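*Asks:* This is the structure, below, for whatever I ask next.
The values are calculated or read from the model by the stated rules, or taken from the named source; none is laboratory data. Computed from a predicted structure; not experimentally measured. Positions of Cβ are backbone-derived with ideal geometry, glycine not excepted, and every protein chain shown enters the neighbour counts.
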Amino acid sequence: MAETQLRELGVPHELWSGITALHGENTPGTMWASVVIGIERRDNQWIVTKLDRRGEVLDATEIGLRVSQPV
């Protein structure tokens, strides 16, 4: 999903290193109300840097994928 968004933004593959993204979603009916996953592009791989399981639901601004803007 992050790669698709970066391509749609027109960010060249060579500039992906160091880019971060967060993906949040509500998870009703499970042990946690929501989950947020953070990833970072390192050495041509996406590395999970954050896994945040929350007891409260996310608001609409926190749901979905948010890719950092390239510098």
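*Asks:* Quick one: which residue in THR49, THR27, THR20, THR4 is of a type in the set (Val, Ile, Thr) and either exposed (fewer than 13 other Cβ atoms within 10 Å of the Cβ) or modelled with pLDDT under 90 (or both)?
*Replies:* On inspection, the qualifying residue turns out to be THR4.
*Asks:* Okay, next question. What number of residues in the stretch 1-29 are under 17 Å from ILE63 (Cα atoms) and either touching a Gly at 6+ places or on another chain (Cβ under 6 Å) or acidic (Asp, Glu) (or both)?
*Replies:* Number satisfying all stated conditions: 2.
*Asks:* Inside the stretch 26-71, can you point out the residues that are assigned to a strand (DSSP E or B), over 15 Å from MET1 (Cα atoms) and free of Cβ contacts under 8 Å to residues at least 24 places away in the same chain?
*Replies:* VAL35, LEU51, ASP52, ARG53, ARG54
*Asks:* Is there any pair linking a residue in the stretch 13-25 that is of a type in the set (Asp, Glu) to one that is in a strand (DSSP E or B) and modelled with pLDDT of 95 or more, with Cβ under 7 Å and at least six apart or on different chains, and which?
*Replies:* Sorted first by the residue in the stretch 13-25, then by its partner, the pairs are GLU25/SER34; GLU25/VAL35.
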